[in-house]
Amino acid sequence: MSRLLLRGGRLVDPASGFDGTADLLIEGDRVEAISASPIPPSAIGDARVLDCEGRIVAPGLIDGHVHLREPGGERSETIASGTAAAAAGGFTTVCCMPNTQPALDSAALIHFIRLRGAEIGRCRVFPIGAATEGRRGERLAPMLAMAAAGAVGFSDDGDVVADAAMMRKVLRTCAAIGRPFLQHCQEPTLTTGASMHEGERSARLGLVGWPREAEELIVERDLRLNRSIGARYHAQHLSAAGSVEALRAARNRGEPVSGEATPHHLLLTDEACETYDTRAKMNPPLREESDRLALVEGVADGTITILATDHAPHATESKEVDFASASFGIVGVEGALPLYAEALVASGAIEWPRLLAMMTVEPAKLHGLDTQGFGRLAEGGPADVTVIDPTLAWTIDPDRFETLGRNTPFAGREVVGRATHTIVAGEIRFELGAGT
């Protein structure tokens, strides 16, 4: 049985509140010991030793919102390439969205993703099931059977559940089976033909605008519907200030609701679309500085509790067209950690322990993974660990990505902070500079 000692790092476990210098000893796929005092040589035996001085030793990072495209979209991404990218970004677990071809709307397809992820994944893969058949919003998918097969949540991501009566059925079903619902907040009648934020810039560029209200109306509707149901409701990739306000009010009322922010919405505005750069075409779109600041404030005051990338790779040709015709989306997992650190830690909004909580224990709790010990570091618990050098400067270079996608407006950006080791079930799945 393999053994690994992480020596002398700053161990940060937000779940327990521990933050201090410690040794962490791994045996097999479990954490054997955590010690604030150096573990003596007699207890180390033949363990490989990693010197973690000056680095953060954290629970394995969890991304609750990625698109792995398999089955059906393998030209854009596969489970193999997407999980390799995730591991390179420090993620030990990803939750993949159901907007595949076919959609993940059956127990058989959920089972396929679980098996495929276990077989070839560089990190753990947990599927999100479609809430409606084919993600068409017309009939409920077999959600109970899918939950039994391993779906950790439900969403029609890529599309909203637009019909209010169907939305109520979805929320009631999620409440009954104990799974969260993750909403893609987009009122479709307000976004027909839209390709960027509606405002002065879209008008000047001659592009159809996407108003804030398209997101805010869905958030407000869903929160109202859920008030008497009490399902775990999660608003994905928030972009508008009004959505943050509505979520804040609901959380202050004690409702079981949460929201997530992405690196691009925390750092960029619609100014990135100025040159018709299709790499900046997002769903939801990049908005104005006031919206960006509202998202940062929402993180700082605890309204937004989860950070997720919405990793959305596309084949190169789908971005190398005119702006209105280009695909929406950005690859995210390999550069997310330093971008979050830039937007939130370097800006003074929060500190590293809270940043790590939003990437570990918070998504683990949303998806029920905390009951399996994920999202925390504890003796006897899963040996999923991310080692981070918070001072390492590097340049984001899509040509060096593991993902098949290259679509990011952050290409060439100089950033600080990087995962140096990604450990899954006690096995090093990524080691910076090791050619993995």
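The values are calculated or read from the model by the stated rules, or taken from the named source; none is laboratory data. The structure presented is a predicted model; accordingly, all values stated were derived computationally and were not measured. Every residue, glycine as well, gets a Cβ built from its backbone with ideal geometry; the counts of neighbours run over all protein chains shown.
General remarks:
- Condition met for THR93 (in the same structural domain as ALA308 (by TED's automatic domain parsing), polar (S, T, N, Q) and in a helix (DSSP H, G or I)): no
- Some residue of region 320-331 being under 16 Å from SER81 (Cα atoms), in contact with a Lys or Arg (Cβ under 6 Å, 6 or more places away or on another chain) and either assigned to a loop (DSSP other than H, G, I, E, B) or assigned by TED's automatic domain parsing to the domain that holds CYS123 (or both): no
- For region 390-425, the set of residues classified as farther than 21 Å from ILE79 by Cα and of a type in the set (Phe, Trp, Tyr) consists of TRP394, PHE410, listed by residue number.
- Condition met for GLU260 (under 30 Å from ARG172 (Cα atoms), touching a strand residue (DSSP E or B) at 6+ places or on another chain (Cβ under 8 Å), in the same structural domain as VAL161 (by TED's automatic domain parsing) and of a type in the set (Asp, Glu)): yes
- Of residues in region 190-246 being of a type in the set (Ser, Thr, Tyr) and in contact (Cβ under 8 Å) with a residue 60 or more places away in the chain, the one nearest to GLY64 (Cα to Cα): TYR233
- Criterion violated by LEU223 - all others in (1) outside any loop (DSSP other than H, G, I, E, B); (2) under 20 Å from GLU133 (Cα atoms) satisfied: (2)
- Cβ-Cβ under 6 Å pairs, at least 6 apart or on other chains, region 114-135 side of a type in the set (Ser, Thr, Tyr), far side in a loop (DSSP other than H, G, I, E, B) and crowded, with 24+ Cβ neighbours inside 10 Å: THR132/ALA141; THR132/ASP156
- Qualifying residue in region 288-299 (condition: in contact (Cβ under 8 Å) with a residue 60 or more places away in the chain, surrounded by fewer than 23 Cβ atoms within 10 Å (Cβ to Cβ), at positive phi and not assigned by TED's automatic domain parsing to the domain that holds PRO409): no
- Output for region 264-285, where each listed residue is over 20 Å from GLU216 (Cα atoms), touching a helix residue (DSSP H, G or I) at 6+ places or on another chain (Cβ under 7 Å) and buried (at least 18 other Cβ atoms within 10 Å of the Cβ): LEU267, ALA272, CYS273, THR278, ALA280
- The residues of region 288-316 that are in a helix (DSSP H, G or I), at pLDDT 95 or above, closer than 29 Å to GLY206 by Cβ and not hydrophobic (A, V, I, L, M, F, W, C), listed by number, are GLU289, SER290, ASP291, ARG292.
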